[in-house]
Each structure stands twice: as structure tokens, then as C-alpha cells.
Amino acid sequence: MVETSEQVRPLAPASDRPTSSDDEESAVPGTRRRRWVKCCGCIAAVILVQAIVVVVLIFTVFKVKDPIIRMNGVTVQRLELIAGTTTPRPGSNMTLNADVSVKNPNYASFKYQNTTTALYYRGTVIGEARGPPGRARARRTMRMNITVDVMTDRILSQPDLSSDINSGLLAISSYTRVGGRVKMFIIKKHVTVTMNCTITINATSQAIHQQKCKRKVKL
């Protein structure tokens, strides 16, 4: 009987051998993990793109712009003069009607509070008026008429009145203030718009001879 040089090793029991099902089970957690990472990455990328788009829109298309206030015109409704002269009658009042517009260039409404208008002659307040609060719709212009009663007694007390009357022109300055808020998504911007106007009135025709206005925005 011939003996072999190498000793035959017994085979491992069938229960200890790795099977294809064990390989698949060990591969499943790794596959799920990779899918979960890819899913989270896709979600994060979508959120990042949306955030970039929102930021770009906020600073371009939806950027909050300053409202624009304009004095479209001023009309003299009542001015009582001494007969045969251009001097206002003592104790009487002069009424001015100011046509003011508030333009909202934003894609959101501009909600403003009470508007205030004051008239000055030679640095003295001769009349004040308040306008009601309102709302200028998106990319629209809101117009309002403000009636101001001018106290002529305060005009008559000015020492330079006679020289102004002799020239036929009466220079009056006005100050209008509109404060409000523009809300764009989560951004709220408080804006105060002021306007200073110099109005020259013809004492004879009671018409506006010249008008110059300057606007200023305070955030």
C-alpha cells in the first residue's frame, strides 16, 4: 500500500462555509448607506440651489426700492384780499390744495402712516395739515389731495410782507413727510420720505408762478 506524502485534510462542515446569501446580506447595509448618502446629497443640492435663487431674486428683482413722493401741483382755493390791493384781508384764511402722489416701485405694497404737511413763510409756520394713512399697491402710484388752511395773520405779521407784495410774488415753502414700511417676504424695510418745496404764488392771479421740490429718503 502506497502512502501519500501529503496528509489529506478533512473538509469543513457545510454549516461553516460562506454562502452567497451571506455575501448578499453583508452587502445590503453598504448599499443602503450609499443610497442614503446620495439621497441626502441630492436634497442638500436642491435646497442650496433654491436658497441661491431666492437670494439672487431678493437682491435683483425683489430688491426693496425707496418710494417716491411728488408734489404734482398746488392750487389756491381761497385768498381774500383787501379791495383794490394785493394784501390779504386781516382775520381771513387762505386755503391751498396740494396734489401729492406716492409712487411705490416695489413688488410689494407700501403701507404708510399719517402724512404731515407744513407751510412756512419767512421761516414761520403759517399752516399745517394731516393726511390719512393708506397703502400704495405694488408698482402703483397713490394720489391724495391735502388741504392746508393758511393763517394770513401770521403772514401779515412779517416785516418783509410789503416788499413781497409789491413784487407781486409771495414765496411759501412746504415740508411733507410720509413714513411707512415695505415688506418683501421676510424682509421689512422702514422708510421715511420727506419733501421740501418752494412755491411762488402770484398775488394778483392767485396762481402758482414757480415750484421747486427736493426729496430725501431716510431708512
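Brief remarks on what is shown
- Extension gain, ILE68 back to ILE186 (0.36 nm per residue minus Cα-Cα distance, nm): 40.2 nm
- Sequence of THR204, THR95 when ordered by accessible area, the most exposed leading, probe 1.4 angstrom: THR204, THR95
- Counting only lysines at least 8 places from LYS111 when in the same chain, those with an alpha carbon closer than 29 Å to its own are LYS63, LYS65, LYS103, LYS183, LYS188, LYS189, LYS212, LYS214, LYS216, LYS218.
- Heavy atoms of the protein chains alone define the surface here; on that basis the range 80-219 has 55 Å² accessible area per residue at 1.4 Å probe size.
- Relative packing of 63-69, 153-159, 186-192, which averages over residues the other C-beta atoms within 10 Å, highest first: 63-69, 153-159, 186-192
- Carbon-plus-sulfur accessible fraction, the range 177-219 (probe radius 1.4 Å, protein heavy atoms only): 50%.
- Rel. contact order, % - alpha carbon contacts under 8 angstrom, at least six apart, the range 89-219: 25
- J(HN,Hα) series, the range 128-136, from Karplus relation 6.51 cos²θ - 1.76 cosθ + 1.60, nearest Hz, glycine and proline x: 9, 8, 10, x, x, x, x, 9, 9
- Inter-label distance for ARG215 and VAL49, nm, one decimal - labels placed 7 Å from Cα along Cα-to-Cβ: 4.0
- Net length gained if the chain between ARG130 and THR194 were fully extended (0.36 nm per residue, minus Cα distance): 21.6 nm
- Between ARG154 and ASP99, the C-beta separation translates, for a Förster distance of 30 Å, into a calculated FRET efficiency of about 0.80.
- In terms of the mean number of neighbouring beta-carbon atoms within 10 Å, the peptides 134-147, 109-122 order highest first as 109-122, 134-147.
- Evaluated on the range 137-219, the Kirkwood hydrodynamic radius is 15.8 Å, with distances taken between all distinct Cα atoms.
- Scalar couplings 3J(HN,Hα) for the range 152-158, obtained by applying the Karplus form with A = 6.51, B = -1.76, C = 1.60 to θ = phi - 60°, are 5, 4, 6, 6, 5, 7, 7 Hz; x denotes Gly and Pro.
The values are calculated or read from the model by the stated rules, or taken from the named source; none is laboratory data. These numbers come from a predicted model, not from an experiment. Methodologically, a virtual Cβ is constructed for each residue, glycine included, from the backbone with ideal geometry; neighbour enumeration extends over all protein chains shown. Side chains included, ligands, DNA and RNA excluded: accessible areas come from the protein's heavy atoms. Shrake-Rupley method; radii C 1.70, N 1.55, O 1.52, S 1.80 Å.
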